[in-house]
Each structure stands twice: as C-alpha cells, then as structure tokens.
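Read the figures in this text as sums done on the coordinates, not as results from a lab. Note that the structure is predicted; figures quoted are calculated from it, not measured. Cβ placement follows ideal geometry from the backbone for every residue including glycine, while neighbour counts extend to all protein chains displayed.
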Amino acid sequence: MGEVLAGERTETSAYKLHTNMTRLCKVACRKRWTPKAVREFRDFAGANFRANMRLDNLPGAELVVFRDQRGEEFVSYRLGYPLAEPFGRNASNFYVNNHLRITIRYHDVNTKGTRMEKIEEPGVLIVGFELKAMSIDHKFPGKWNPNCAYNNSCTLSTCSTTRGPQPNAPKLRLLSNKQPMDIIWTYDVLWVHSDVKWASRWYVLLLFNV
C-alpha cells in the first residue's frame, strides 16, 4: 500500500548477481526504443529522474565527491543513480547512462567455535550497496546475436569482460524525438570485503541523510 500511495513500483531488475562473483561488462539486454520511448526518456532526464534499487533491503546509493574552492574533497552519498548525463548548452541534450557498476560490500560470517555454530551457517552479510552509472556507445563485431545475453556469449569492442569498459569509449547520445534507437544495457558487479558489521550497515547512509 505504501508503494502505491508514493507512486512507486518495485520490480525485479535484469541484473544477475551471484555471491562473491565479480563480473565485468555483462550484457543485460539490447532494447529498441521507439520515437515515443525516446521522447519519454528525454522528459525523465530533463526532470533529473534517478533510478532506485535495493539489495537485501539496503538501498543503492551513488558515491559523490565534492570539491570546495580550496580544492579540498568531501564525500557524500545520493540515493539511486541518474538516468542520463546532460551535455552542451541545449537543455535537451543527454547521454544515456546504459552501463551500471554495482559494488557490493560484504562482511564474512564465521560461526565456527562460537555458540552460533549450530544455528547459523558460514556465509556473507551485505553491508554496502553502491551504484555508479555511465554512458557507453557500445560497438560489437559482426551481427548481433539476440540470445547472447542469455548464454553469456556477447562480445563488445567497447567493454571487456576482463578489464571492464574502455576508458575512452564514446558516450551514447540520446537521439532526436523522431528517431528510434537501439541500446545495449551492460553492468559490472564488484564484491568488496568490508569490516563494517551488519548492525552498522545503515550508519553511512543515515550520516548523509540518504
């Protein structure tokens, strides 16, 4: 009921995560946008819409670094990630953020030799969920295989499964409202060990009022 009143809908994403398995440049899907879809996305981008995600009931947040006039850096978090990146002087020019880097911070659970040994099994607890969106105009050799995302056989010249996105890869520009466009959606999954305890995993988000 709360989601309905707030105008939100929770849906399962196309991103596949496996515990402690880091993956780079995974292809989620390739979508063709109609001119209507392009117009709708431009409206969302112009209104500074952000996408929100949750993992293990923890909201995904974007790490933001600010720099003051003296050059000192300040770190903060913003809930979700931006759908697009504006460029140029025209307020309707955007790059589509079609690549998402997902960083999952985890804490090991080791119950061996403790009173919890007979109750809980060893595993990991998720204590951080960070998102970083970027725009990549993906290129691929030969003909596109529509089934490659399902059998993990997609090959991109702009994104390597061993090194990640190319640093100088061109960004994906949102086309005019009269043109359809094909978009390849990709993502990275990074698992990073953390000393943060389960009971304290919300602390950093509450500190920055996320």
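Net charge around THR161, counting only other residues with Cβ within less than 11 Å of its Cβ (Lys, Arg = +1; Asp, Glu = -1)?
Net charge around THR161: +2.
log10 I(q)/I(0), Debye, Cα-only segment 20-109, no solvent, q = 0.11, 0.15, 0.20, 0.23 Å⁻¹?
Results for segment 20-109 at q = 0.11, 0.15, 0.20, 0.23 Å⁻¹ read -0.47, -0.83, -1.20, -1.31.
May I ask you to sort MET21, MET181 by Cβ crowding, counting other Cβ atoms within 10 Å and putting the fewest first?
Placing the least packed residue first, the sequence is MET21, MET181.
Just how far, in whole angstrom, is segment 61-99 from segment 149-166 if you go by their alpha carbon centroids?
25
Longer than 19 Å from Cα to Cα, which of LYS26/LYS132; LYS31/LYS178; LYS143/LYS178; LYS31/LYS132 are they? Say none if no pair is.
Flagged as over cut-off: LYS143/LYS178; LYS31/LYS132.
Sort HIS193, HIS107 by Cβ crowding within 10 Å, fewest neighbours at the top.
So the ranking, lowest neighbour count to highest, is HIS193, HIS107.
Sticking with the crude label model, points 7 Å out along Cα→Cβ, report the distance from GLU40 to LEU175 in nm, one decimal please.
In this crude label model, GLU40 to LEU175 measures out at 1.7 nm.
Quick check: residue separation of LEU190 and ALA91 times 0.36 nm, minus the Cα distance between them. What number comes out in nm?
Working it through step by step, the gained length comes to 32.3 nm.
Among residues other than ARG78 whose Cβ falls under 9 Å from its Cβ, what is the net charge (Lys/Arg +1, Asp/Glu -1)?
Details: positive: ARG50; negative: GLU62.
Charge balance in the 9 Å sphere: 0.
Place a point 7 Å from the Cα of THR10 along the Cα-to-Cβ direction; which residues of segment 50-82 have their backbone N under 13 Å from it?
Zone members listed by number: 53-60.
Quick one: if you take sqrt(5λ) for each eigenvalue of the C-alpha gyration tensor of segment 44-202, what semi-axes come out, biggest first, whole angstrom? Please list the in-between numbers first.
Numbers: eigenvalues 243, 108, 39 Å².
After scaling each eigenvalue by five and taking roots: 35, 23, 14 Å.
For the chain, with a Gaussian network of springs between Cα atoms less than 10 Å apart, report the residue from SER92, SER13, SER76 with the top mean-square fluctuation.
Of the options given, SER13 has the highest mean-square fluctuation.
Compute the FRET efficiency between ALA47 and ASP68 as 1/(1 + (r/R0)^6), taking r as their Cβ-Cβ distance and R0 = 30 Å, and round to the nearest 0.05.
After rounding to 0.05, the efficiency reads 0.60.
Using only Cα atoms, tell me the angle between helix 35-46 and the longest principal axis of the chain; keep it within 0 to 90° and round to the nearest 10.
In the chain, helix 35-46 runs at an angle near 60 degrees to the longest axis.
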